[in-house]
Amino acid sequence: MKPLSPFSVFRQAGFLMLAGILFTESAISQDRPPVASVSKPNILFIFVDDQSPLTLSAYGNQVCQTPNLDRLAREGMVLDNAHHMGSWVGGVCLPSRTMVQTSINVWRTQDIAKRYPRMNPRTYVHQPRKLLADLSPNDPDYYSMPALFFRAGYDTYRTCKIGNTYEGANRLYLGRNDQTNYGPEDETGSWWHGEQVMNYLKEREKGIKEDPFLLFFGFTHPHDPRNGKPVLLDKYGADNTDIPTSPNPLAPPLQANYLPAHPFHHGHPGLRDEVAVQGVLLKRDEATVRNELGREYACIENIDRQVGRVLDKLEAMGELENTYIFYSADHGIAVGRHGLMGKQNLYEHTWRVPMIIRGPGIKAGSRAQGNTYLMDLLPTFCDLASIEKPITFDGISFKPVLMGKRNTVRDVLYGVYNGGTKPGMRSVKKETGN
Ligand SMILES: [Ca+2]
């Protein structure tokens, strides 16, 4: 069946008329609810690039140290069966991030993901209020995360990487400080993203910002090149440039499903992730893979430190208990499992994503299957913020899971990857559990 564009969906549903009734007034006047919104919860969305849940102690990892994410899990809920839906391109980030910000499914992201070129930091002018004012209900971005939350009276802010992401929504956050940070130093690495959020919270502390907030707290790591901070590289027995020829005993052990080569061709000839990752290239020997794991863990622990800074700040400001915190990644990654390095596959280590949530009404230390996709995040955010769900969403809210009322929100999960040779690969997982 031919994929439906957002516009064709609107037409089929007679949605233009409905949208005219529900949304035209606010689109024209930019009305925002005045005071009632202050009682709404804040949402802090922490979103990292290329991280398998299997790297976190909340999912059984015993080497990578993430005390602040452990705290989130201890004080909140862990979902064991959260997934991204897949990709039609090697840059899995792009459809994934489009799904996150619009709640449309993987096939429909093909219609809009590349509508806008990536931000050029040298020429970019951030003018979200003008763009929001000009948005038509016929435009898919009208129903994107920053636009929906702006109209609901939220202050929206974003920091993340620049490339392979959905620019149609990125440009609509009221505050935006994006930079691509693969460096080992603070100003070129994850600390910089943390510092942007800290600066935002300091402004809020001064009373400059009072509306409830939606913070898109994104990181560039642990996507490669995994240039860890020297002190953390030492801890995990890894080196950014001097790749060992024999395993460093301090490096993380190989995973149980490590293979020196994939048993058959993965279906994507010349794929960057499988042939050109800095420090790895075509090598899959133990020393190289363990070094790369050490670099990955160093990057993850550094992200954890930034999460800790922000959690402590929210707590000191008295905002923590009114804030829903979500931690997830745009997809998982192999890093040696099954002889692969990349994310262009549908093994569990890649198809699944971390999903840890803390917030009002969520039982501390709880766990559920969930059976969620990343495109369910926006409907869940809307549900928690009492924002009406537009008809454009393909995802569904998993608030009932967060509140302990259900274990899953669907029984069957589908995954796809066809960014390489066609027709590509598919995965179906049936897991009941309600
Ligand atoms: Ca990614």
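Laboratory data are not the source of any read-out in this text; all were calculated from the coordinates shown. Since we're looking at a predicted model, the values are computed, not measured. FYI the Cβ positions are ideal-geometry reconstructions off the backbone, even for glycines, and counts take in every protein chain you see.
Details
- Cα gyration tensor shape for region 297-407, rounded if a/c is under 1.5, else prolate or oblate: oblate
- Shown here: region 6-430, whose C-alpha atoms stretch 66, 50, 49 Å along the first, second and third principal axes, sorted largest to smallest.
- Residue-span extension gain [residue 186 to residue 250] - 0.36 nm each, minus C-alpha spacing: 20.6 nm
- Neighbourhood charge, 15 Å Cβ-Cβ cut-off, centred on residue 291 and excluding it, Lys, Arg +1 and Asp, Glu -1: -2
- Comparing 353, 63, 48 in a Gaussian network model of the chain where C-alpha atoms under 10 Å apart are linked, the largest mean-square fluctuation is found at 63.
- Taking the fewest neighbouring Cβ atoms within 10 Å as the starting point, the ordered list for 290, 406 is 406, 290.
- Prolate is the label for region 305-364, because the ratio a/c of its alpha-carbon gyration tensor axes (a ≥ b ≥ c) is 1.5 or higher and a/b is greater than b/c.
- Listed residues 264, 216, 393, most fluctuating in the chain (Gaussian network, C-alpha, under 10 Å): 264
- Paramagnetic label zone (point 7 Å from Cα along Cα-to-C-beta, residue 305; backbone N under 11 Å) in region 147-177: none
- Paramagnetic reach from residue 199 in region 150-190 [backbone N under 13 Å; point 7 Å along Cα→Cβ]: 158-160, 175-179, 187-188
- Expected-Rg normalisation [2.2 N^0.38 Å, Cα atoms] applied to region 132-231: 1.20
- For region 264-322, alpha-carbon Rg over 2.2 N^0.38 Å: 1.80
- Full-stretch length increase - residue 129, residue 388 - with 0.36 nm per residue and alpha-carbon distance subtracted: 91.1 nm
- Span per principal axis, largest first, for the Cα atoms of region 195-264 (Å): 55, 33, 19
- Using just its DSSP H runs of length 4 or more, each adding -39500 (n - 2.57), the chain gives a mean residue ellipticity at 222 nm of -9000 deg cm²/dmol after division by all residues.
- Residues with amide H under 5 Å from that of residue 158, placed H, sequence gap 5 or more: 175, 176, 177, 216
- Calculated from backbone phi, Karplus (6.51, -1.76, 1.60) coupling profile of region 353-358 in Hz, x at Gly/Pro: 10, x, 8, 10, 9, 10
- With Cα atoms, 0 to 90° folded angle of helix 15-29 axis to the chain main axis: 80 degrees
- Extension gain from residue 282 to residue 429, taking 0.36 nm per residue of separation minus the Cα-Cα distance: 49.8 nm
- Residues with amide H under 5 Å from that of residue 425, placed H, sequence gap 5 or more: 417, 418
- Karplus 3J(HN,Hα) series, Hz, for region 361-367 with 6.51 cos²θ - 1.76 cosθ + 1.60 (x for Gly, Pro): x, 8, 5, 4, x, 8, 8
- Principal-axis analysis of the Cα atoms of the chain puts helix 190-205 at an angle of about 30° to the longest axis.
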